[in-house]
Amino acid sequence: MTRSKQERLFDPESPTGVGPVYQGVCKQIRVLFPTGDTDAQARKDSLSGTIAQARSLAASIDRVSGHGGGPQANGVPLATMHGQLDALMARLNPEATDHNPIDDLVAEFRREEVEQRGRAQASHTEE
């Protein structure tokens, strides 16, 4: 039995190139690691794996967000991917990480705990 070739009713859509998230990540990488700066280029070389991860994840985000006409993923996996990309980009530029007030709160609790332990140990030694 042979198959006959039939014309397709619709042409399959091909991706229209890179998407906006990928473009933004690449632009940020170019800004972080200017070509003329030898120190920046050395840092870029040492972070090449992280850069590759960020670009790959950005391309994946563009695909699952519907860029190029494909179906859009639901928000949960997409939000998780965005969070992962944020972490990768923070690793590339640690100076630009946002200040997290929760970290301050945790540090305050730890300071109080250490102080309380110190007071408790001091009271036992005086007896």
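Every read-out reported here was derived from the displayed coordinates using simple, explicitly stated rules and does not represent laboratory data. Predicted model, so just to flag it, every value in this text is computed and none were measured. Quick reminder, even Gly has a Cβ in these numbers, built from the backbone with ideal geometry, and neighbours come from all protein chains shown.
Key figures for this structure:
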read-out	value
Distance in nm between pseudo-label sites at LYS27 and ASP86 (7 Å out along the Cβ direction from Cα)	2.0 nm
Order of GLU112, GLU95 under a 10 Å beta carbon neighbour criterion, fewest first	GLU95, GLU112
Proxy reagent accessibility, fewest Cβ within 10 Å first, across VAL76, VAL25, VAL18	VAL76, VAL18, VAL25
Neighbour-count ranking [beta-carbon atoms within 10 angstrom, fewest first] of ILE61, ILE29	ILE29, ILE61
